[in-house]
Amino acid sequence: FLKVCRRSDPKLNECVMSSVEGLRSHLATGIPEFGIPSCEPLQIKQLVFNQGHGAVTLTSTYTDIKVYGPTEFRLDTVRIDLDKKSVRIKLWLPHLRMTSHYKIDGRVLIMPISGRGYNEGNYTDIDATCSVQGEHITIGGNTHYSVKSFDVKFSVGDARLYLGDLFNGDRELGDAMNLFLNENWKNIATELQPLLEVKIGQLFKEFSNKIYHKFTLEQLLPP
Ligand SMILES: *[C@@H]1O[C@H](CO)[C@@H](O)[C@H](O)[C@H]1NC(C)=O
């Protein structure tokens with residue numbers, strides 16, 4: 001399922017680009033042999049935000065998170081630095097839809113907010129940069145590539161948010177708050193995005209290493 005590229009390939013970046021392209025359908029279905037679950041939707045058990053200061057002071061918990069659309073990425077650039085063992089990938093996503101069950105309590109830009117229920121968000125025109133730093137490790141006497149850090153940075157073009165059953169299901173207050181959240185989503189995203197980036201980076205580090213630790217460097221990147 002993985003297209004192998006040669007280290008000496010003068011078009012190594014392009015080769016790896018088409019290798020990642022070839023992974024797309026496998027990411028959608030998941031790769032059970034490697035314990036990689038389906039990424040369509042990508043599932044995250046729980047995210048807990050504790051924002052103590054700044055524009056958003058709140059405790060919020062999101063459980064049973066499903067992210068639809070991650071495999072519809074368009075690869076823009078892939079840059080491999082063999083000496084530094086690093087990879088930098090720029091990609092674009094037309095649309096991500098996220099659903100979860102939320103619990104929230106606190107303040108958003110001085111407005112009090114509380115509730116629990118169904119949460120949905122649509123995010124469009126997303127630019128993402130993944131910076132992967134690797135190292136060589138030895139497993140059973142063989143050299144393997146291993147991801148040390150997988151940094152993800154997003155830039156979202158537009159967002160539409162919905163929190164159901166805010167304020168114990170008070171319809172009027174809930175509608176007003178949803179309107180307010182959508183008008184101010186940029187401020188809110190700035191506060192909450194870093195943790196999401198960390199979490200997604202961790203997931204993809206885990207997935208990558210499941211492949212890298214199974215195949216030797218020699219197999220994945222022969223001379
Ligand atoms: C998100 O998009 C879906 C369809 O793509 C739509 O049914 C849903 O109402 C949208 N949700 C929000 C919060 O805009």
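The values are calculated or read from the model by the stated rules, or taken from the named source; none is laboratory data. The structure presented is a predicted model; accordingly, all values stated were derived computationally and were not measured. For neighbour counting, all protein chains shown are included, and Cβ atoms are generated from backbone atoms with ideal geometry for every residue, glycine included. When the accessible area is computed, the model is the full protein with side chains, heavy atoms only, and any ligands, DNA or RNA have been set aside. Shrake-Rupley method; radii C 1.70, N 1.55, O 1.52, S 1.80 Å.
Observations, loosely collected:
- Cys residues of the chain that find no other Cys beta carbon under 4.7 Å: C39, C130.
- Spin-label model, R171 to S155: label points 7 Å out along the Cα-to-beta-carbon direction sit 4.2 nm apart.
- Seen against the Cα atoms of the chain and their longest principal axis, helix 12-29 is set at about 50 degrees.
- Pairs beyond 26 Å (Cα-Cα), from K90/K199; K3/K66; K66/K186: K3/K66
- Taken over the stretch 1-48, the percentage of Cα pairs per 5 Å bin, counting from 0 up to the bin with the maximum distance, is 5, 19, 19, 18, 14, 12, 8, 3, 1.
- Inter-probe distance in nm under a simple model that places probes 7 Å from Cα toward Cβ, at D64 and L82: 4.9
- The stretch 42-220 - charge dipole about Cα centre, Lys and Arg +1 at Cβ, Asp and Glu -1, debye rounded to 20: 520
- The gain in end-to-end length when the R24 to T190 segment is fully stretched comes to 56.9 nm, 0.36 nm per residue minus the alpha carbon separation.
- Acute angle (nearest 10 degrees) that the helix 171-183 long axis makes with the longest principal axis of the chain, alpha-carbon atoms: 50
- Per-atom-type breakdown for the chain gives carbon and sulfur 53% of the accessible area (1.4 Å probe, protein chains only).
- Efficiency of FRET between H95 and E14 - r from beta-carbon atoms, R0 25 angstrom, step 0.05: 0.40
- Taking the C-alpha atoms only, the angle from helix 185-212 to the longest principal axis of the chain is near 30 degrees.
- A helix-only calculation puts the chain at -9500 deg cm²/dmol for mean residue ellipticity at 222 nm, using -39500 (n - 2.57) for each DSSP H run of at least four residues, averaged over all residues.
- Top of G52, G115, G174 by mean-square fluctuation, Gaussian network on the chain, Cα under 10 Å: G52
- Å³ per residue enclosed by the Cα convex hull of the stretch 42-220: 120
- The chain: most fluctuating residue of I110, I80, I89 per GNM, C-alpha cutoff 10 Å: I110
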